[in-house]
Amino acid sequence: MATLPTFFFSYARQDYDTLGIYMRKFYDDLHVRVAAAAGHDLSGGVLGTIDNRTELGADWDTRLSTALASSNILLAVISPLYFARPNCGREVGVFVVRSPELGLDPRGQLTGVRNVLIIRWMEPAFYDRNGEKDGRIPALIRRVNDMLPTPEIAAAHPDLADAIRFYRMNGMEMCVDKEPHYRRLLNALALAIVNASDLPPCQPLDWDDAVDAFRCDWSARLSTPLPTQLPPRAATLRPLTSAAIFYLTSRPFEADPVAAPFADQLVVEPTTDQTPGATDSELGALLLDMRDAAQSEGFQAVHCAPDPAVPLDATAVIARLRALSGRHVLTALAIDPVLIMGRALPVLREIVDDDTWTGPVLIPMFTDAPSNTDAILDPARRMLYQLPEARDTRKTMLVSILLNLRRQVTASARAARPTVAEPMPLLRGAGGSR
């Protein structure tokens, strides 16, 4: 988390002027909830930046460009009008170029955008055009979401799931005076802001030089290095809270350009089930289910693959798995069942039977999977799980697998680093120091 979970509140001024009571309340309430979630005393400074709070006589351009260059989150409250306002486009443009892995997919959608929350202010029909769903929303930002969990992920908390479902059906405008949904949405957004990873700051730009995101030729701009962009950072894993899943498969997938010292390559996770891309649909669904299972228990899920993804030799894969196990990272191996019936079987058996790494083997039952793959590998050497094709059942099983793995890895970590009990403090009588 950044030193302070700062956020920039971006909106169309006309929306604020005509709907000011609700939008002003949304900003004020969110600002207070973020401070509460971060344990921040508001007397020590504000966490949110909104342009109408700029002091009279202050340099408006400098203050806003500085906030955009340093705030950790951009919260864009979108309406159909938002995309017609050059200042809104500049706010998005100045912020998104700070993402180290910024890119553009073949459909004109930005990829690698970090720490941007898109809040839909109005009902869904306002964003449609001529029968096209979300036709008024530029393709540029369609892969950016609001960082709220889906109702399915929030199913363990039915009240939160209901609140998120209400928001997606009605927009935030309808939620502001809808309690208790509104309070639960504020809490979820505040936690998303507070728990967001740190975003590298950049040098403030002169406002006249700022890029209007909605009118920029991004394909031309991203063909050359961005002046405000920092070099890509390597992906990192945290012991006991990160789950690294290695996928051995012949199915196509999109490789992430981010460097990963613990894996030859990372696998890009689809944004939704409906997102077309370079990743096989069944593998993409498994990636999403693994992410959902991990997030529901507070884990960071990282999708990994060796190079090649169908290993020709077991040595390098075993070394990766052993290194992560030694760091107390939750480690699992997902093997495409088609490989188990093919020429890769001797290499797979060598990896599975190796006793220097800790973790289960997952065998997903894809449509073309043979039915007896679990009998070919040796369950006496390692826990083997045959993942069902039904996704609800599969998610439930994945949660159970991760929880069992966490207990195993936590016990191993404690055994490796035994703690020394601290003496109990002395209790003093009334008037003594406490």
Conditions first: (1) under 24 Å from the mean Cα position of the chain (by Cα); (2) over 25 Å from Asp289 (Cβ atoms); (3) acidic (Asp, Glu). Glu101 passes all but one, so which condition is the exception? (2)
Go through segment 4-36 and report how many residues are out of contact with any helix residue (DSSP H, G or I) (no Cβ under 8 Å at 6 or more places or on another chain), free of Cβ contacts under 8 Å to residues at least 40 places away in the same chain and charged (D, E, K, R). 2
In segment 168-195, how many are touching a residue at least 40 places away in the same chain (Cβ under 8 Å) and either in contact with a strand residue (DSSP E or B) (Cβ under 6 Å, 6 or more places away or on another chain) or over 24 Å from Gly298 (Cα atoms) (or both)? 9
Those residues of segment 113-150 which are in contact with an Asp or Glu (Cβ under 8 Å, 6 or more places away or on another chain) and free of Cβ contacts under 8 Å to residues at least 24 places away in the same chain amount to Asp128, Asp134, Gly135
In this structure, does Asn87 turn out to be over 20 Å from the mean Cα position of the chain (by Cα), surrounded by fewer than 19 Cβ atoms within 10 Å (Cβ to Cβ), closer than 22 Å to Arg63 by Cα and not assigned by TED's automatic domain parsing to the domain that holds Val258? yes
Close pairs from segment 400-420: first modelled with pLDDT of 90 or more, partner outside any helix (DSSP H, G or I) and exposed (fewer than 10 other Cβ atoms within 10 Å of the Cβ), Cβ under 9 Å, at least 6 apart: none
Scan (1) surrounded by 18 or more Cβ atoms within 10 Å (Cβ to Cβ); (2) closer than 20 Å to Leu324 by Cβ for the single condition Gly284 breaks and write down its number. (2)
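This table checks each residue for (1) in contact (Cβ under 8 Å) with a residue 24 or more places away in the chain; (2) assigned to a helix (DSSP H, G or I); (3) of a type in the set (Asp, Glu).
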residue: Arg291; (1), (2), (3): no, yes, no
residue: Leu312; (1), (2), (3): yes, no, no
residue: Val317; (1), (2), (3): yes, yes, no
residue: Leu321; (1), (2), (3): yes, yes, no
residue: Thr331; (1), (2), (3): yes, no, no
residue: Pro346; (1), (2), (3): no, yes, no
Being closer than 30 Å to Val361 by Cβ and surrounded by fewer than 21 Cβ atoms within 10 Å (Cβ to Cβ) narrows it down to one residue among Ala220, Ala235; which is it? Ala235
Quick one: in segment 25-52, which of the residues that are more than 14 Å from Thr6 (Cβ to Cβ) and modelled with pLDDT under 90 is surrounded by the most Cβ atoms within 10 Å (Cβ to Cβ)? Asp51
Note: among Arg98, Arg114, Arg107, Arg143, just one is surrounded by fewer than 14 Cβ atoms within 10 Å (Cβ to Cβ), assigned to a loop (DSSP other than H, G, I, E, B) and not assigned by TED's automatic domain parsing to the domain that holds Leu288, namely Arg107
Mind checking whether some residue in segment 63-73 is at pLDDT below 90, assigned to a loop (DSSP other than H, G, I, E, B) and surrounded by fewer than 17 Cβ atoms within 10 Å (Cβ to Cβ)? no
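Taking the stated definitions as given, is Leu362 under 24 Å from the mean Cα position of the chain (by Cα), under 21 Å from Ser400 (Cα atoms), at pLDDT 90 or above and buried (at least 21 other Cβ atoms within 10 Å of the Cβ)?
Details: under 24 Å from the mean Cα position of the chain (by Cα): yes; under 21 Å from Ser400 (Cα atoms): yes; at pLDDT 90 or above: yes; buried (at least 21 other Cβ atoms within 10 Å of the Cβ): yes.
Here the answer is yes, as Leu362 does meet what is asked.
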Within segment 315-355, the residues that are surrounded by fewer than 18 Cβ atoms within 10 Å (Cβ to Cβ) and of a type in the set (Gly, Ala, Ser) are Ala316, Ala319, Ala323, Gly326, Gly342
Is at least one residue of segment 246-258 at pLDDT below 85, under 23 Å from Gly93 (Cα atoms), under 17 Å from the mean Cα position of the chain (by Cα) and not charged (D, E, K, R)? yes
Spot the failing condition for Asp292; the list is (1) more than 26 Å from Gly342 (Cβ to Cβ); (2) surrounded by fewer than 18 Cβ atoms within 10 Å (Cβ to Cβ); (3) charged (D, E, K, R), and only one is missed. (2)
Can you pull out every residue in segment 127-140 that is outside any loop (DSSP other than H, G, I, E, B) and either of a type in the set (Phe, Trp, Tyr) or surrounded by fewer than 17 Cβ atoms within 10 Å (Cβ to Cβ) (or both)? Tyr127, Arg129, Glu132, Ala139
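Out of the residues in segment 6-24 that are hydrophobic (A, V, I, L, M, F, W, C) and part of a helix (DSSP H, G or I), which is modelled with the highest pLDDT?
Just the residues of segment 6-24 that are hydrophobic (A, V, I, L, M, F, W, C), to begin with: 7-9, 12, 19, 21, 23.
Imposing the further condition that a residue be part of a helix (DSSP H, G or I) reduces the set to 21, 23.
Numbers: Ile21: 81, Met23: 88.
Selected residue: Met23.
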Go through segment 203-217 and report how many residues are modelled with pLDDT of 85 or more, surrounded by 12 or more Cβ atoms within 10 Å (Cβ to Cβ) and assigned to a loop (DSSP other than H, G, I, E, B). 2
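The values are calculated or read from the model by the stated rules, or taken from the named source; none is laboratory data. On a predicted model such as this, the values are computed, not experimentally measured, just so you know. With ideal geometry, Cβ positions are generated from the backbone for all residues, glycine too; neighbour counts draw on all protein chains shown.
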